[in-house]
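The values are calculated or read from the model by the stated rules, or taken from the named source; none is laboratory data. Note that this is a predicted model, so its numbers are computed, not measured. When we count neighbours, we look across all protein chains shown, and the Cβ atoms used for this are built from the backbone with ideal geometry, even at glycine. SASA here: full protein model, heavy atoms, side chains in, ligands and nucleic acids out. Shrake-Rupley method; radii C 1.70, N 1.55, O 1.52, S 1.80 Å.
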Amino acid sequence: MTDDSLTPPRGFRLKRVYDDPDPDDGYRVLVDRLWPRGLKKVEAHIDEWAKDVAPSTELRRWFHEDPEGRRGEFAERYADELSGPAARQELGRLRELAANEPPVTLLTAVKEPERGHLPILLGHLRG
């Protein structure tokens, strides 16, 4: 994950959920809407599943029909979802947690994180 848009804000880390957990991960938060394939919950070592900051099921399905052609509109629509009350509350809580008890490791199952929702989510966490 070398893309600059994937540089997490201070207090956060980004990692694939399939990577081995590390004691330095701190508080581990899954930020995908779907549970990762082939991963048992007990093996994931996840402290929280933050579905409210993941793209909605409808938006995710729509985007996956044509990821290259819909990337720009996806970013706008996902940003709109992140401006909703539940997402704003969750973003604030995650920021507070990262500020007071870092690190917070954001976990994803996405193979190419730079091509999905993570750059947009990280931008909103930066404030």
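Go through region 1-11 and count every residue that is of a type outside the set (D, E, K, R) and open to solvent by less than 70 Å² (accessible area, probe 1.4 Å). Please lay out each step first, then the result.
Just the residues of region 1-11 that are of a type outside the set (D, E, K, R), to begin with: 1-2, 5-9, 11.
Adding the requirement that they be open to solvent by less than 70 Å² (accessible area, probe 1.4 Å) leaves 5-6, 8-9, 11.
Selection size over region 1-11: 5.
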In region 89-127, what residues are over 20 Å from R60 (Cα atoms), out of contact with any Pro (no Cβ under 6 Å at 6 or more places or on another chain) and part of a helix (DSSP H, G or I)? Q89, G92, R93, L94, R95, E96, L97, A98, A99, N100
Just give me the residues in region 2-43 being more than 13 Å from the chain's Cα centre (by Cα) and free of Cβ contacts under 8 Å to residues at least 60 places away in the same chain, in sequence order. T2, D4, D19, D20, P21, D22, P23, G38, K40, K41, V42, E43
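This table checks each residue for (1) modelled with pLDDT of 95 or more; (2) hydroxyl-bearing (S, T, Y); (3) more than 20 Å from H124 (Cβ to Cβ).
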site: D32; (1), (2), (3): yes, no, no
site: D80; (1), (2), (3): yes, no, no
site: A86; (1), (2), (3): yes, no, no
site: T105; (1), (2), (3): yes, yes, no
site: K111; (1), (2), (3): no, no, yes
Mind listing whichever residues of region 58-88 are open to solvent by 30 Å² or more (accessible area, probe 1.4 Å), over 20 Å from E112 (Cβ atoms) and outside any helix (DSSP H, G or I)? S83
Just the residues that are open to solvent by 60 Å² or more (accessible area, probe 1.4 Å) and either in a loop (DSSP other than H, G, I, E, B) or touching a helix residue (DSSP H, G or I) at 6+ places or on another chain (Cβ under 6 Å) (or both), please, taken from region 28-57. R33, L34, W35, R37, G38, K40, H45, D47, D52
Working only within region 12-24, note down all residues that are touching a Pro at 6+ places or on another chain (Cβ under 7 Å) and open to solvent by less than 60 Å² (accessible area, probe 1.4 Å). F12, L14, V17
Just the residues that are more than 16 Å from G11 (Cα to Cα) and among the acidic types (D, E), please, taken from region 78-127. D80, E81, E112, E114
